[in-house]
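Below is one structure, written out as structure tokens; comments come after it.
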Amino acid sequence: MTPFEVFKKEIYYWIEYFGLKEYEVYVEKSAEKDSDAISTAQIQHEASIVMITMYSEFFKERMPFFYIRRYAFHEVAEVLLSTVADLITNKEKMKKEREATHRIIGRLENTLFVDSYKRRFKRIPKAEEHS
Ligand SMILES: [Zn+2]
């Protein structure tokens, strides 16, 4: 599988897992880089459309599948938490929301994602192992 195929498959795994059936989810690959992000999720709540983008530039250096899958998980977690984030319109609060959301996603990556990964793929990079 190519990095993009791995990414895409993992996106749909977690969409299914969380039962995010109300969204139409598209996954694309882009060679353009408009920020430092490795991947992004754009969510249109009114239309229930999600566009998840993987920036191919970042995947040139043979990123291990573990990390590619973790980025995929990250973007789906963004979708999961986005209905709350969407309520915030104040710029200052938006910044705080981003920080808080990323703290939650970080916790989910270290627990739910890692546990699931061990079960599904058996091997995880040493640095990501928790006892
Ligand atoms: Zn994020």
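FYI, it's all coordinate maths here, none of it is from the lab. Bear in mind the structure is a predicted one, so any value in this text is a computation, not a measurement. Don't worry about glycine lacking a Cβ; one is built from the backbone with ideal geometry, like all the others, and counts go over all protein chains shown.
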| said: Please arrange Asp36, Asp115 by how many other C-beta atoms lie within 10 Å of their C-beta, fewest to most. | reply: Asp36, Asp115
| Around Asp86: net Lys/Arg minus Asp/Glu count, Cβ-Cβ under 14 Å | -2
| task | Divide the volume of the convex hull of the Cα atoms of the chain by its number of residues and quote the answer in cubic angstrom per residue. | result | 123
| All aspartates and glutamates inside 16 Å of Lys9 as judged from Cα atoms, apart from same-chain residues fewer than 8 positions distant | Glu24, Glu28, Glu75
| query | Tell me, Ser39, Ser82 in order of fewest to most beta-carbon neighbours within 10 Å? | reply | Ser82, Ser39
| said: Just to confirm my numbers, what's the Cα centroid distance between region 60-86 and region 1-53 in Å? | reply: 8
| task | Indicate, rounded to the nearest 5 percent, the antiparallel portion of the DSSP beta bridges found entirely in the chain. | result | 45
